[in-house]
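Trainee: Supplied in structure tokens, the structure appears directly below.
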Amino acid sequence: MRIFTASLATETNTFSPVPTDRASFEMAFYAGPGEHPDTPTLCSAPMVVLRRRAREEGFELIEGTATWAEPGGLLQQQAYEGLRDEILDQLKAALPVDGVILGLHGAMVAQGYDDCEGDLLERIRSIVGRDVLIASELDPHSHLTRKRVENSNILAAFLEFPHTDFYERGEHVVDLALRTLRGEIKPIISTFDCRMIGVFPTSREPMRSFVDRIQALQGHHNILSISLIHGFMAGDVPELGTQVMVVTDNDAPRGAALAESLGMEIFGMRGRTAMPMLDTEAGLDKAVELAATKSGKPVVVADVWDNPGGGVAGDGTLILRRMIERGIDNVAVATIWDPIAVTFCLAAGEGAKIQLRFGGKAGPDGGAPLDARVEVLKAVQEGWQSFGKSRVTLGPAAVIRLEGTNIEVILNTNRTQTFEPDIFSNLGIEPASKDILLVKSTNHFHAGFEPVAAEIIYIDAGAPYPSNPKKTDYRKLSREIWPRVEMPF
Ligand SMILES: [Zn+2]
């Protein structure tokens, strides 16, 4: 038995001003055939699982390229076609194969391609023919298209958000694929379009119970796998939206019925699944009030929508500007993306006092740049933070203190959301000494910051991420979805 595997993944925010190209992949994660590390990345778990299963079970594994770009704006056409064709050529060289198992994300959009993954899967199908198995793991923040379903035998997404189960779901996809290749099961994919879009954190109710329940349903009564595709509201594509996907063992009627009943249940929860968020003024009122109690721990304020993990630039200034205007002090900020300002800080050197313009350069949505006299406390060739067991680079980075305040800001060159408190301590800022920490992340920061925080406040500053689907100027969305209409059915 011969299996080919590869991974091509990013999450495209079609509203973002930050273009994505091949260098974006090479900077974030790129492993040529055989070069993938022993540890999985978010979207390449199947490759690592397959290596182990191949050793244990004695089948032949042919590895192609595995690569990932930090979420950003529309992918350059030549970059997409280049990476796609690289993988297709590797597959052609590997023929004949019995199966193709991929690590995808599912929200990649390139110039001229609204459905990159559908295009990739369709081309793979035409190369390998109808009788070869095609299976993929997906991120739930993706778009599920007809083309993908038609050209796949097995599709399954992570169930958890934060995505703590990406490796387990990689195991799940590989396991179903191997069972299919041994003739034990005949997978059929059924889907249901919930005609809505929302935010579905599973670290809280009602999603916690929903996910626990669908996990319990898997493995019984011909039900092999269940996934909720949350959808990705920052990707303007025709099939944007939430969908339920059920894979059965040759039992399409049961798959369709279950997908519909679970899908209508999700539709019934519309508007009640996201974490509670405050607007900027109310959030800062609460932060100031809590900080005044001097619990010895900082209040953590999450700028939910200036999260580079959702593809925005991460150079937003909206909340920091209001903090400065309101005289809120003893604050540390991680991070504001500004390669130019970092270059200036490196040139001026640590200890220098300079007039600096920082943030707000990528576009108008994140707020205007800030101008201040600052002291350069740190200027280094590489800042970094932990994310679980992995190390995330900030690239060249600087810490500045605004004159006359105890407001310190980390400026970075490599766009990344805030994951862990060591983003501060690695650059000499003691998080516990601050009243307020302002971080840029939607929910992934929660695991790292919860233990050190007096309290966590989620602020919805209204920008720059297109977080309100009612107002977002979708040009390609092809059908009515909630909340753009009250009742899409
Ligand atoms: Zn995701």
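The values are calculated or read from the model by the stated rules, or taken from the named source; none is laboratory data. Note that the structure is a prediction, hence the values are computed from the model and not measured. Cβ: placed from backbone, ideal geometry, glycine included. Neighbour counts: every protein chain shown. The area values use the complete protein model at the heavy-atom level, side chains included, leaving out ligands, DNA and RNA. Shrake-Rupley method; radii C 1.70, N 1.55, O 1.52, S 1.80 Å.
Trainee: Can you work out the FRET efficiency for the pair MET487 and ALA257, with r the C-beta to C-beta distance and R0 = 22 Å, to the nearest 0.05?
Mentor: The formula returns an efficiency of 0.50 here.
Trainee: Which order do peptides 51-60, 215-224 fall in by mean Cβ count within 10 Å, highest first?
Mentor: Going from most to least packed, we get 215-224, 51-60.
Trainee: Whose amide H sits under 5 Å from the amide H of VAL301, counting only residues 5 or more places off or on another chain, with H placed in the peptide plane?
Mentor: Long-range HN contacts for VAL301: LEU437, LEU438, VAL439, ILE457.
Trainee: Can you tell me the mean projection area, over all orientations, of the convex hull of segment 103-162's alpha carbons? Units nm², please.
Mentor: 4.2
Trainee: Could you calculate, for segment 395-489, the ratio of the Cα radius of gyration to the Kirkwood radius, expressed as Rg to Rh?
Mentor: My calculation of the ratio gives 1.11.
Trainee: May I pose another question? Mind checking the log10 I(q)/I(0) for segment 133-264 at q = 0.09, 0.19, 0.22 Å⁻¹? Debye, one equal scatterer per Cα, no solvent, two decimals.
Mentor: Computed log10 I(q)/I(0) values: -0.23, -1.09, -1.48.
Trainee: If you stretched the chain out fully between GLU168 and ASP38, how much longer would it get, using 0.36 nm times the residue separation minus the C-alpha to C-alpha distance?
Mentor: 45.2 nm
Trainee: Given 0.36 nm per residue, what is the gain on full extension from GLN111 to GLU26 after removing their alpha carbon distance, in nm?
Mentor: 28.7 nm
Trainee: Could you tell me what percent of the accessible area of the chain is made up of carbon and sulfur, with a 1.4 Å probe and every protein chain present?
Mentor: Within the chain, the accessible surface is 50 percent carbon and sulfur.
Trainee: As an exercise, identify the trypsin sites (Lys or Arg not before Pro) in segment 367-427 lying in DSSP coil whose Cβ has no more than 14 other Cβ atoms within 10 Å.
Mentor: Here the trypsin sites (Lys or Arg not before Pro) that fit, given the DSSP loop and packing criteria, are LYS389.
Trainee: Still on this structure, I have one more. Give the Cα extents of segment 359-433 along the principal axes, in whole Å, largest first.
Mentor: Its Cα atoms span 37, 29, 22 Å along the three principal axes.
Trainee: Rounded to the nearest 10 degrees, what's the angle between the helix 166-181 long axis and the longest principal axis of the chain, both from Cα atoms, 0 to 90?
Mentor: For 166-181 against the chain, the angle is about 10 degrees.
Trainee: Roughly what percent of Cα-Cα pairs across the chain reach past 38 Å? The partial results should precede the final answer.
Mentor: Details: 31534 of 119316 pairs.
The answer is 26 percent, as a whole percent.
Trainee: List the lysines whose Cα sits under 20 Å from the Cα of LYS471, skipping any in the same chain fewer than 8 residues away.
Mentor: Of all the lysines, none pass the test against LYS471 - Cα under 20 Å, at least 8 places apart if same chain.
Trainee: Please give the residues of segment 151-194, grouped as numeric ranges, whose backbone N is less than 11 Å from a label point set 7 Å along the Cα-to-Cβ vector of GLU122.
Mentor: Under cut-off, by backbone N: 151.
Trainee: With n ≥ 4 as the cut-off for DSSP H runs, can you work out [θ] at 222 nm for the chain, using -39500 (n - 2.57) per run divided by the number of residues, rounded to the nearest 500?
Mentor: So the helix-based figure for the chain works out to -8500 deg cm²/dmol.
Trainee: Please express the Cα-Cα pair-distance distribution P(r) of segment 210-257 as a list of whole percents, one per 10 Å bin, running from 0 to the bin with the greatest distance.
Mentor: 25, 43, 24, 7
Trainee: Where q = 0.13, 0.14, 0.22, 0.23 Å⁻¹, what log10 of I(q)/I(0) comes from the Debye formula for segment 222-328, counting one point per Cα?
Mentor: Evaluating at q = 0.13, 0.14, 0.22, 0.23 Å⁻¹ gives log10 I(q)/I(0) of -0.73, -0.79, -1.21, -1.26.
Trainee: Can you give me the angle between helix 280-291 and the longest principal axis of the chain, using Cα atoms only, in degrees from 0 to 90, rounded to the nearest 10?
Mentor: Roughly 70 degrees, rounded to the nearest 10.
Trainee: Using the Cα centre of segment 120-259 as the reference point, and only Cβ charges (+1 on K/R, -1 on D/E), how large is the resulting charge dipole? Debye, rounded to the nearest 20.
Mentor: Values: 15 positive and 18 negative charges, 66 e Å.
For this selection, approximately 320 debye.
Trainee: Here is a follow-up. Among the aspartates and glutamates, which fall within straight-line cross-link reach of LYS476, defined as a Cα-Cα distance under 13 Å, with same-chain neighbours fewer than 8 residues apart omitted?
Mentor: Qualifying aspartates and glutamates at Cα under 13 Å: ASP114, ASP115, ASP236, GLU239.
Trainee: Over the alpha-carbon set of segment 1-116, divide Rg by the Kirkwood Rh and report the Rg/Rh ratio to two decimals. Display every interim value, and only then the final one.
Mentor: On the way: Rg = 14.4 Å, Rh = 14.5 Å.
Answer for segment 1-116: 0.99.
Trainee: Given the pairs LYS297/LYS440; LYS286/LYS440; LYS297/LYS353; LYS361/LYS440; LYS286/LYS353, which span a C-alpha to C-alpha distance of over 21 angstrom in this model?
Mentor: Cα-Cα > 21 Å for LYS297/LYS353; LYS286/LYS353; rest within.
Trainee: Still on this model: What aspartates and glutamates does LYS389 reach when the alpha-carbon gap must be under 14 Å and sequence neighbours fewer than 8 apart in one chain are set aside?
Mentor: ASP38, GLU420, ASP422
Trainee: Now a separate question. Once you compute Rg and the Kirkwood Rh from C-alpha atoms, what is the Rg to Rh ratio for segment 300-378?
Mentor: 0.96
Trainee: What does a probe at ASP85 reach in segment 57-79, counting residues whose amide N is under 20 Å from the point 7 Å along Cα→Cβ?
Mentor: Under 20 Å, as judged by backbone N against the label point of ASP85, lie 64-68, 75-79 of segment 57-79.
Trainee: At a probe radius of 1.4 Å, what is the per-residue accessible area of LYS286, in Å² to the nearest 10?
Mentor: 80
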